[in-house]
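Colleague: Submitted below is the structure of interest, expressed as structure tokens.
Rule-based calculations on the coordinates, nothing more; no lab input. Note that this is a predicted model, so its numbers are computed, not measured. Every residue, glycine as well, gets a Cβ built from its backbone with ideal geometry; the counts of neighbours run over all protein chains shown.
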Amino acid sequence: MISGGRGAPEAAASAYAPSVFWFVGGTDPDRYAKAKEAGRLNAIPTNHNPRFAPVIHPTLQTGVETLIIAARAWLAVGPATRPIGPVQNGWLVA
């Protein structure tokens, strides 16, 4: 199960601001395998659960590297070529 902010795309769209959401896994592989085998994947706490505790390494490094790569890709593109326009259900529409 993945929980995320449903209002984020609409907030960004109303300001014609870019936004991005990506997934970086952080669950211990053994814990995931055991939960999957038992049919209890929904029992693993997600990011809005107070019991959420991702494996710190390599999760933190992967997340930081992902953010850096995304920022560099965005900043490498000139403002004139960035897609800014009307958004519907979190997606840019032409």
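Colleague: Taking 7 Å along the Cα-to-C-beta vector as the label spot, tell me the residue 76-residue 19 distance in nanometres, rounded to one decimal.
Modeller: 2.6
Colleague: At a Förster radius of 25 Å, what calculated FRET efficiency corresponds to the Cβ-Cβ distance of residue 33 and residue 67, to the nearest 0.05?
Modeller: Details: r = 28 Å, r/R0 = 1.11.
Given R0 = 25 Å and the Cβ-Cβ separation, E is 0.35.
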